[in-house]
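Let me begin by presenting the structure, written as structure tokens, before commenting on it.
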Amino acid sequence: MKNKLFGLAFKNRVFLASGVFGFGLKYKRITNSVGAIFTKGITFESRKGNPPPRIFETPCGLINWVGLENPGVDNFCIKILPKLKQLKPRIFVNIAGSTIEEYIKIVERIGNGVDGFEINISCPNVKEGGVAFGQNTKIAARLVSLVRKKTSLPLIVKLTPNFCDPLVIAKACVEAGADGISLINTLYAMAFDIKKKRPLITGGLSGPAIKPFALYCVNRVRDIGVPIIGIGGICSGQDAYEFFLAGASAVAIGSVILREPYAPLRIIKELKQLMG
Amino acid sequence: MIRSLKIQRKKWFNKETFALEFHLPGINARPGQFFQIQVSDHLEPFLNRPISIASYNNNKLFLIIKIVGKGTKVLSTKEAGDYLTLLGPLGKGIKAKRRTSLLLAGGIGVAPLYFLAQQFYKNRINFTFLYGTKTQEDMILKWDIMRIANESIFITETTSVKTTSGNKKGTVVSSAKELNLRDYELAYACGPKGMLIELQKLNLPIPIYAFCEDFLGCGYGLCLGCAIMYNGEYKRICEDGPVFELKGIDFEE
């Protein structure tokens, strides 16, 4: 299996999904072992994130409500990116605007200093932008076409399967110029505090609990004509292999890293054994 | 650092609290630091459980665990000879300052403060250990604390406990009010959130360092799941703490 996607060569097809591994600057051995890192979502202004509780464990997974805490695009470019570029993997910056203009400004600010962008229109934990853009075919397509005009770098769109058909949105994004599709982002989820009789957390569900649904979604868009990055509860080489069978060209590892930081190394090894 | 470690010994203190001893040479452990224990080789429970260091001596690591939910319940079934995957030590922890100190432990919050107390004892720093639990059965490490503390005060909410300072019934906070705080330069507190909030309201005349706990995602600073509002900005309990000066914490946010 050749590791060439979007016209770029990758060390392998196991990537780090956005959000769980920060900017890859800690545990560099792991960052250096993967084909690409998708950074924590970057917004135009810095965001302090949501108040606690931000994490709640659920059967075979967790709900998070972090809310895109990040230092903003300027700090990212000045303080983080130079360090990140010294590492081996391809760098895809996950960008999350609250307006279409913000997405454009973030892409312009970062320029050509990275390997590509992942347009995040699927974060369920922010009020503006995020998942609302990813559920609306017209907005998603307009956003992609406008960002497309600003960059010649690979443009991947990270989609949501929350209350919309990812196939319809994916088609619109590809027509608008997207080079790839990442899916799935976390699922809408809640937990209640039965003593206080009120919600404990409302956020995004991730982990192996969502893997079967993620596989279904990837399989549904498999003929889209651009590479698909399969995401959702991958914890082993076998899980990753399933995503390839469903039509993914690469996979990204997320939640499992919380319980096992070295999981990407293990998954790469297991996958190699399975795929030969 | 991630390691698979054999449980050397297991000790039950009461029906819901037990200690695990591991042989682990060569770590630089500080009070407040913790280990993330992988509960299951399978994926359920999914997240690791953060457990404070209760003691680290002669390459022996003690972790004290109270059964509070499904993860700690599973851990309670592990026996001497079994292996557990541990990630750590994590967190910054703190260094025992050379100041006459007051330690305020509520419930299982005794574990990390016991580690701190041992550092005080080793470094001959004077300290008082005030420890409160709901019931007398909940009280653990009593004799170990009495052996090393210059003064120890034990208190429960349900029954009177005979102590060096007479019979007591109440809470850590009610006892702290009765102390002459001019005798101390610093305080360290670990216990339920409610206790820390009450302590904060007391506005004690000395700085209090609070050992915070929370459900953690990763435990090593990447997932940003364990936020705490501290001096106007979110900090990570795991990586930036878990010890913070109490007056800077905003429990409302």
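Quick note: the coordinates plus some simple rules give every number you see, no bench work behind them. All figures in this text were calculated on a predicted structure; none of them were measured in a lab. Cβ sites come from the backbone with ideal geometry, for glycine too, and all protein chains shown count toward neighbours.
Give the Rg (one decimal place) followed by the Dmax (whole number) of the protein assembly as shown, computed from C-alpha coordinates and expressed in Å.
25.0, 80
Can you pull the three principal axis extents for the Cα set of the range B:85-146, in Å, largest first?
Computed over the range B:85-146, the largest-to-smallest principal extents equal 36, 31, 16 Å.
If amide H atoms are built 1.01 Å from N in the plane of the peptide, which residues on other chains or at least 5 residues away come under 5 Å of the amide H of residue B:234?
Amide H neighbours of residue B:234, under 5 Å, 5+ apart: none.
What value, in deg cm²/dmol to 500, does the helix sum -39500 (n - 2.57) over DSSP H runs of n ≥ 4 give at 222 nm once divided by the residues of chain B?
-5000 deg cm²/dmol
Determine which residues of the range A:198-212 fall in the zone a paramagnetic label at residue A:163 would reach in this model, i.e. backbone nitrogen under 17 Å from the point 7 Å along Cα→Cβ.
From the range A:198-212, the list is A:202-205.
Nearest 5 is fine: what % of DSSP beta bridges in the range B:101-211 come out antiparallel, could you say?
Taking every DSSP beta bridge with both residues in the range B:101-211, the antiparallel ones total about 10 percent.
Does anyone have the angle between helix B:193-202 and the longest principal axis of chain B? Alpha-carbon axes, 0 to 90°, nearest 10?
The helix B:193-202 is inclined about 30 degrees to chain B.
Taking every eigenvalue of the Cα gyration tensor of the range A:1-151, multiplying by 5 and rooting it, what semi-axes result, largest first, whole Å?
23, 21, 16
Relative to the compact globular guide of 2.2 N^0.38 Å, what is the alpha carbon radius of gyration of chain B, as a ratio?
Working it through for chain B, the quotient is 0.97.
How many angstrom lie between the Cα centre of the range B:196-219 and the Cα centre of the range A:103-180?
42
To the nearest whole number, what is the average tally of beta carbon atoms from other chains within 10 Å of the beta carbons of peptide B:221-233?
Averaged over the peptide's residues, the number is 6.
Ranked from highest to lowest mean number of other Cβ atoms within 10 Å per residue, what is the order of the peptides B:180-189, A:188-197?
For the peptides B:180-189, A:188-197, the packing ranking is B:180-189, A:188-197.
What FRET efficiency comes out for the pair residue A:213/residue B:97, r = Cβ-Cβ distance, R0 = 45 Å, nearest 0.05?
E(calc), rounded to 0.05, equals 0.30.
To one decimal place, what Kirkwood hydrodynamic radius in Å is obtained for the range B:101-211 from all pairs of distinct Cα atoms?
13.6
Could you give the dipole magnitude of chain A about its Cα centre, charging the beta-carbon of Lys and Arg +1 and that of Asp and Glu -1, in debye to the nearest 20?
580
Would you please give the FRET efficiency between residue A:223 and residue B:60, computed as 1/(1 + (r/R0)^6) with r the Cβ-Cβ distance and R0 = 56 Å, to the nearest 0.05?
In this case the efficiency is close to 0.40.
How far is it, in nm, from the label point at residue A:138 to the one at residue A:4 when both lie 7 Å from their Cα along the line to the Cβ?
4.1
Which order do the peptides A:246-252, B:170-176, B:36-42 come out in when sorted by mean C-beta neighbours inside 10 angstrom, highest first?
In decreasing order of mean packing, A:246-252, B:170-176, B:36-42 become A:246-252, B:170-176, B:36-42.
Hey, got the Cα dimensions of chain A along the principal axes, in Å, largest first?
The principal-axis extents, from largest down, are 54, 44, 38 Å.
What fraction, in whole percent, of alpha-carbon pairs in the range A:129-276 exceed 26 Å separation?
Counting every Cα pair in the range A:129-276, those more than 26 Å apart make up 31 percent.
Can you give the longest stretch of chain A with no exposed loop site, where a site means GluC sites (Glu not before Pro) in a DSSP loop (not H, G, I, E or B) with at most 12 other C-beta atoms within 10 Å?
Between the exposed loop sites, the longest stretch runs A:129-276.
Sticking with the crude label model, points 7 Å out along Cα→Cβ, report the distance from residue A:202 to residue A:108 in nm, one decimal please.
Going by the 7 Å Cα→Cβ label model, 3.4 nm.
Set the Förster distance to 35 Å, then compute FRET efficiency between residue B:70 and residue B:250 from the Cβ-Cβ distance, nearest 0.05.
Calculated value: 0.70.
What is the log10 of I(q)/I(0) for the range A:69-191, computed with the Debye formula using one identical point scatterer on each Cα and no solvent, at q = 0.10 Å⁻¹?
Each listed q corresponds, in turn, to -0.29.
Per-residue Cβ counts within 10 Å, from other chains only, averaged over A:254-265: what number is that?
Counting other chains' Cβ atoms within 10 Å and averaging over A:254-265 gives 5.
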